[in-house]
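J.: Once you've had a glance at the structure underneath, I'll fire off some questions.
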Amino acid sequence: MKGELYGKAIIWVTKKGFKEIKANTEDYETPAAFIQPNAEKSIVPDISGRVNGSRSYAEIVSKEENEQTTITKWKLLGSVAARKGGKLYLLASRGYKTFAEQVVKNYNLQNAHVVSI
């Protein structure tokens, strides 16, 4: 499902002014991974780039992964983006916007912005 939305997501981040775009898909350099201590799996953002000189991230919202894994990933990317002066954009297609908004509200993800694509 995410694969189908990368095209729309890349168009959206380009229009938003992202520069130095990296995406976790073919034809793009893969964004830097975050490795948690004692964790088997690293966290790789869907899309990263610079907006006005600050590092920002864009995540394609889906329910494919474990919900707790998704929340952990969004919290990490939101806090990293905030420290670097950027933002976390949650790109939601039809049917996923409500899910993303509930997670942002319930887990107080202050630096996350839900956007429809």
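What follows draws every value from the coordinates through simple rules; no lab data is involved. Nothing here was measured: the structure is a model prediction, and the numbers come from that model.
J.: Hey, can you grab everything whose amide H is under 5 Å from the amide H of Glu59? Only 5+ residues off in sequence or another chain; H modelled, so Pro and N-termini drop out.
T.: Tyr89, Leu90, Leu91
J.: Reachable aspartates and glutamates from Lys97, Cα under 18 Å, same-chain residues fewer than 8 places away excluded?
T.: Glu4, Asp46, Glu59, Glu64, Glu65, Glu67
J.: Explain nothing, just compute: Karplus ³J(HN,Hα) = 6.51 cos²θ - 1.76 cosθ + 1.60, θ = phi - 60°, for every residue of the stretch 47-59 in order, whole Hz, x for Gly and Pro.
T.: Values, residue by residue: 9, 9, x, 9, 10, 6, x, 10, 6, 10, 10, 10, 10 Hz.
J.: Would you mind calculating the relative contact order of the stretch 2-116 from Cα pairs under 8 angstrom and at least 6 residues apart, reporting the percent as a whole number?
T.: 20
J.: Right, next: Rounded, prolate or oblate: which fits the chain when a ≥ b ≥ c are the square roots of the eigenvalues of the alpha-carbon gyration tensor, with rounded for a/c under 1.5 and prolate only if a/b beats b/c?
T.: Cα axes put the chain in the rounded bin.
J.: Work out from phi, with θ = phi - 60° and the Karplus expression 6.51 cos²θ - 1.76 cosθ + 1.60, the ³J(HN,Hα) of each residue of the stretch 71-82, listed in order in whole Hz, and give x for Gly and Pro.
T.: Whole-Hz 3J(HN,Hα) from phi for the stretch 71-82: 4, 4, 4, 5, 4, 4, 5, x, 6, 5, 4, 4.
J.: I've got another one for you. Please turn the phi angles of the stretch 105-116 into ³J(HN,Hα) values with the Karplus equation 6.51 cos²θ - 1.76 cosθ + 1.60 (θ = phi - 60°), one per residue in order, whole Hz, x for glycine and proline.
T.: Result, ordered by residue: 5, 5, 10, 6, 8, 5, 8, 9, 10, 8, 10, 7 Hz.
J.: Restricting to lysines 8 or more places apart or on different chains, can you count the pairs in the stretch 1-80 with Cα atoms under 20 Å from each other?
T.: The number of close lysine pairs in the stretch 1-80 is 19.
J.: Can you list residues from other chains, or at least 5 along the same chain, whose modelled amide H is less than 5 Å from the amide H of Gly86?
T.: Result for Gly86 returns Arg55.
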